[in-house]
Amino acid sequence: MLNKKRILVTGGAGFLGSHLCDRLITNGHEVICVDNFFTGEKNNIAHLLDFNNFDLLRHDITFPLYLEVDEIYNLACPASPVHYQTDPVQTTKTIVHGAINMLGLARRTKAKILQASTSEVYGDPEVHPQTENYRGYVNPIGPRACYDEGKRCAETLFFDYYRQYKMDIRVCRIFNTYGPKMLPNDGRVVSNFIVQALKNEPITIYGEGTQTRSFCFVDDLIEGAIKLMELPQTLQTPLNLGNPIEVSIRQLAELVIEITGSSSKLVKKPLPVDDPLQRCPDISRAKKILNWEPKIALKDGLYKTINYFKDIVGP
Ligand code: NAD
Ligand code: UDP
Ligand code: UDP
């Protein structure tokens, strides 16, 4: 194949990573998936193990890694607040030491490297929708800080490696993304609501459910990330990737009930500390630079995700 590359995907057994591995293998590349299985599962990539162009390596990216690669997608990091808060020190180490190791690897091999950053760098935003030049409103000592400040520090490292060593970096700020292959116990809102609805159990709304998020279906997000990696030139600023259609958490619950036909009722639980009140990406730059925007409507994406969970969640 023309332009066949050897591509490292860290966190490749996780939700986004496994979809990315699928897409890269389909595109004919050689893929090395690295994961320590903290929140990822072998099942997510089991179907790829027989491919000659796919390798799986159990490894924790807080430790150095020596491989020869052309591109690195650095996704390794638990993304659900429940999981990143169970061992916050390890979360910061994964994000910061992991970034240093992957940047060191990219520097030595002259590989292009993409960082999966996050809308959490904007914290509980005072600017709405969030544009890339908004610097964020983050609590540096709260329970989300291990993730938010870790990801902010990783962005600093990426841009310092770029300035200091002229490396080819790409940084995307990913907004809430959902889809098949999220774990039933992932703890994020879409998988929680779907699993609860399919079991006809109470749907747990944290706070009043008036807080908003903007949900992107995984296929759209992966397409954006690959387009960003394939951009011929380094992008000297981070880029928002997400779906700009904003919904409240209560609306999301109602939509999941409607599509599943569930008899679940809504129950209120306390709002987690520092839970952002509203979040929505401004994706004008991604539209312009990548000629990309999400295509899959929330209802259609939820439908596909619900079908996936129907097969793995018992009645
Ligand atoms: P996920 O938890 O499903 O996947 C993360 C993967 O990283 C898992 O397979 C996990 O085992 C692995 N991992 C964790 N620590 C590791 C370590 N030290 N060494 C090696 N592997 C390790 O999460 P996801 O939703 O697939 O998110 C992937 C990336 O995208 C993360 O960096 C996350 O911060 C970012 N992101 C995701 C979203 C989203 O909505 N899905 C939003 C913003 C940013
Ligand atoms: N590193 C790695 N794989 C490599 C090259 C480097 O894991 O192929 C790690 C190594 O642990 C190093 C870190 O990346 O500490 C940063 O590398 P860099 O070259 O930036 O700095 P160094 O610390 O080697 O001066
Ligand atoms: N949430 C909820 N019920 C749940 C899980 C989450 O109401 O069972 C809310 C959570 O408080 C937040 C939003 O849904 O306001 C998104 O939470 P998630 O953990 O998916 O991601 P976040 O965007 O907060 O990182």
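For LYS269, the criteria (1) farther than 12 Å from GLY207 by Cα; (2) more than 16 Å from ligand 1 (Cβ to nearest atom) hold in every case but one, which is (1). Quick one: is ALA99 at pLDDT 95 or above and surrounded by 21 or more Cβ atoms within 10 Å (Cβ to Cβ)? Spelling it out, ALA99 is indeed at pLDDT 95 or above and surrounded by 21 or more Cβ atoms within 10 Å (Cβ to Cβ). Counting only residues that are away from ligand 2 (no atom under 16 Å from the Cβ), acidic (Asp, Glu) and surrounded by 14 or more Cβ atoms within 10 Å (Cβ to Cβ), how many does the stretch 46-94 have? Looking only at that region, the number is 2. The set of residues in the stretch 182-194 that are crowded, with 16+ Cβ neighbours inside 10 Å and in a loop (DSSP other than H, G, I, E, B) comprises MET182, LEU183, ASP186, GLY187, ARG188. Return the total of residues in the stretch 256-305 being away from ligand 3 (no atom under 16 Å from the Cβ), part of a helix (DSSP H, G or I) and either over 14 Å from PHE217 (Cα atoms) or in contact (Cβ under 8 Å) with a residue 60 or more places away in the chain (or both). Residues meeting the conditions: 11.
Yes/no matrix, rows are residues, columns are (1) over 30 Å from ALA111 (Cβ atoms); (2) among the acidic types (Asp, Glu); (3) in contact with a helix residue (DSSP H, G or I) (Cβ under 9 Å, 6 or more places away or on another chain):
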| residue | (1), (2), (3) |
| --- | --- |
| MET167 | no, no, yes |
| SER191 | yes, no, yes |
| VAL195 | yes, no, yes |
| PRO202 | yes, no, yes |
| GLU208 | yes, yes, yes |
| ILE226 | no, no, yes |
| LEU235 | no, no, yes |
| ASN240 | no, no, yes |
| LYS269 | yes, no, no |
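Residue pairs whose Cβ atoms lie under 7 Å apart, separated by 6 or more positions or on different chains, with the first residue in the stretch 47-69 and within 21 Å of ASN27 (Cα to Cα) and modelled with pLDDT of 95 or more and the second surrounded by fewer than 17 Cβ atoms within 10 Å (Cβ to Cβ) and not polar (S, T, N, Q), are LEU56/LEU49.
Restricting the stretch 105-135 to residues that are within 14 Å of ligand 1 (Cβ to nearest atom) and outside any helix (DSSP H, G or I) leaves a set whose member that is farthest from LEU221 (Cα to Cα) is GLY123.
When the residues of the stretch 306-315 are narrowed to those that are assigned to a loop (DSSP other than H, G, I, E, B) and of a type outside the set (Gly, Ala, Ser), which ends up farthest from the chain's Cα centre (by Cα)? Reasoning before the result, please.
Of the stretch 306-315, the ones assigned to a loop (DSSP other than H, G, I, E, B) are 313-315.
Pick out the ones that are also of a type outside the set (Gly, Ala, Ser) and you get 313, 315.
Details: VAL313: 23, PRO315: 29 Å.
Checking each candidate, the answer is PRO315.
Annotation note: of ILE259, ILE312, ILE249, the sole residue that is under 26 Å from PRO184 (Cβ atoms) and modelled with pLDDT under 95 is ILE312.
Just a yes or no: is a residue in the stretch 131-141 over 30 Å from LYS295 (Cα atoms), surrounded by fewer than 21 Cβ atoms within 10 Å (Cβ to Cβ) and touching a residue at least 24 places away in the same chain (Cβ under 8 Å)? There is at least one residue in the stretch 131-141 that is over 30 Å from LYS295 (Cα atoms), surrounded by fewer than 21 Cβ atoms within 10 Å (Cβ to Cβ) and touching a residue at least 24 places away in the same chain (Cβ under 8 Å).
In the stretch 137-147, which residues are within 14 Å of ligand 3 (Cβ to nearest atom) and in a loop (DSSP other than H, G, I, E, B)? Result: VAL138, ASN139, GLY142, PRO143, ARG144.
Inside the stretch 148-182, can you point out the residues that are within 14 Å of ligand 3 (Cβ to nearest atom) and β-branched (Val, Ile, Thr)? Those that are within 14 Å of ligand 3 (Cβ to nearest atom) and β-branched (Val, Ile, Thr): ILE174, THR177.
The values are calculated or read from the model by the stated rules, or taken from the named source; none is laboratory data. Computed from a predicted model, the values in this text were never measured in an experiment. Counting neighbours? That spans all protein chains shown, and the Cβs are built from the backbone with ideal geometry, glycine included.
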